[in-house]
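This report refers to the structure that appears directly beneath it.
The values are calculated or read from the model by the stated rules, or taken from the named source; none is laboratory data. Only a predicted model underlies this, so the values are computations on that prediction, with no experimental measurement involved. Glycine gets a Cβ as well: all are built from the backbone with ideal geometry, and neighbour counts include every protein chain shown. The accessibility values were calculated without ligands, DNA or RNA, using every heavy atom of the protein model including side chains. Shrake-Rupley method; radii C 1.70, N 1.55, O 1.52, S 1.80 Å.
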Amino acid sequence: MNDNVYISLLIMCGTVYMIRLLPLLFLRKPITNRFVRSFLFYVPYVTLAVMTFPAIVTATENVWSGVAALAVGLIMAWINGDLFVVAVSCCVTVFLTGLVL
Amino acid sequence: MEKNTSIHENNIVPDNNVSETLETEMESGLEFGHITYPSTRRGWVFRGLRDGFPICLGYFAVAFALGIEAKRVGLTAFQSFLMSTGMVASAGEFAALLLIESHAGVIEMITTCIIVNLRYFLMSCSLSQKLKPSIPAVHRFGVAYCITDEIFGLSSAVPDYLEPFYTYAITVISVLGWSGGTVMGVLVGSILPPMAVNALSVSLYGMFLAIIIPPAKENHFIGGLVAVSMAVSWVFSVLPLTAGISSGFKVIILTILLAGAAAYLKPIEMAEETD
């Protein structure tokens with residue numbers, strides 16, 4: 001099946017790239033429709049929120065270390081907001097709660 | 001036109017540029033929330049490498065699991081390297097492995113890829129508005145490669161137009177973690193202690209929080225939207241009717257519904273276009 005794998009990978013990589021490329025390539029002018037612009041403005045917030053919760057809670061082996069990571073992440077993002085600091089705080093939280101739980 | 005003086009849609013979030021934390025202001029750059037942004041391309045590259053680091057860690061952990069799966073399906077380290085470098089998509093690659101394993105036909109491969117990765121289409125639409133209209137087309141081809149959940153999140157969080165080299169810098173370090181993690185997963189399987197993999201797995205979510213919480217703090221409507229999004233996402237994952245929906249598809253459905261509702265309830269102020 002080895003030849004097949006390379007062809008399959010080529011087809012799928014090409015498809016994924018086209019999905020990413022077409023809007024960027026063809027939406028060159030600023031969109032003037034207010035609804036569409038508002039929609040696109042809100043997209044990242046909804047997308048990231050939906051992807052974060054409840055996934056963060058179930059990502060770890062123990063639900064409670066995930067809950068702790070969420071709490072610490074929320075607090076750190078609120079008071080600090082630096083990506084690296086928040087991300088590392090969450091990892092450390094899971095590691096430490098992993099030692100205890 | 002200088003980046004710092006351009007008027008653009010992202011100035012619409014009230015008070016984000018007029019920060020109260022003036023005492024922490026640095027010599028140059030844009031003040032946005034609590035974060036100061038670089039004003040040079042070089043500055044953006046450094047910032048991208050720094051911001052990309054947590055992505056690199058998170059990707060490594062996720063890709064490691066992907067590599068283990070790739071090995072099970074029968075891919076070599078080199079093939080899985082090609083897959084990860086060419087596709088850079090978590091759910092997309094898990095789906096790709098299933099397709100390869102089941103010897104799926106071309107049509108099935110293409111349709112599954114489109115459905116699983118459809119959110120990148122939305123993100124690409126959104127990001128198209130962040131690029132300066134006069135930007136050379138080569139950057140459209142370049143930025144397109146970089147659209148993943150995390151890199152999109154960072155790229156769309158910057159004020160004003162996006163400096164593509166910021167996105168490239170994030171992508172270089174992230175893909176290093178992603179492809180490296182996949183290859184390591186194939187080669188060394190389960191050598192990394194599970195506790196370390198476990199801890200790394202939340203890195204990406206921590207980063208998401210760092211992207212959405214500061215604007216939510218400044219703007220109550222965005223805050224409400226984030227809270228509602230999380231709540232509905234949770235409801236979707238427990239209701240028997242919707243729990244079976246794949247995570248990629250769930251993201252698409254909820255994004256269209258909730259961002260659409262938000263746009264209907266509170267359309268953004270249209271800024272003057274200066275170009």
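The table for this structure:
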read-out	value
Crossing angle, helix A:63-79 versus chain A [Cα axis fit, 0-90 degrees, rounded to tens]	80 degrees
Protection-proxy order for peptides A:79-85, A:65-71, each taking the mean of Cβ atoms within 10 Å per residue, highest first	A:65-71, A:79-85
Region A:28-101-region B:30-101 distance, computed between alpha-carbon centres (Å)	17 Å
Average partner coverage of B:69-81, which counts Cβ from other chains inside 10 Å	1
Order of exposure, largest accessible area first, which applies to A:Thr97, B:Thr111, B:Thr171 with probe 1.4 Å	B:Thr111, A:Thr97, B:Thr171
Normalised convex hull volume, region B:120-275, alpha-carbon set, Å³ per residue	150 Å³
Which listed pairs, of A:Lys29/B:Lys266; B:Lys71/B:Lys130; B:Lys130/B:Lys266, have C-alpha distances above 29 Å, in listed order	B:Lys71/B:Lys130
Test item: B:250-259 mean partner chain Cβ contacts at 10 Å	5
Net charge contributed by nearby residues that have their C-beta within less than 13 Å of B:Met207 (K/R +1, D/E -1)	-3
Distance cut-off 14 Å, percentage of C-alpha pairs in region B:219-268 lying past it	54 percent
Peptide ranges B:127-134, B:238-245 listed from the most packed, as the mean C-beta count within 10 angstrom indicates	B:127-134, B:238-245
Other protein chain Cβ atoms within 10 Å, averaged over every residue that makes up B:46-56	2
Contact surface B-A: accessible area buried, both sides summed, square angstrom, 1.4 angstrom probe	8000 Å²
Within region A:26-101, trypsin sites (Lys or Arg not before Pro) in DSSP loop having at most 13 other beta-carbon neighbours inside 10 Å	A:Arg28
Charge-dipole axis of the protein assembly as shown as Lys and Arg at +1 and Asp and Glu at -1 on Cβ define it, positive-most pick from B:Ala169, B:Ala77, B:Pro159	B:Ala77
Cut-off 13 Å, label 7 Å out along Cα→Cβ of B:Leu257, residues of region A:33-52 by amide N	A:50
Size of charge dipole - the protein assembly as shown - debye, nearest 20, with Cβ of Lys, Arg +1 and Asp, Glu -1, no other charges	680 debye
Whole-Å semi-axes of the ellipsoid equivalent to region A:2-100 (Cα gyration tensor, √5λ, descending)	35, 25, 11
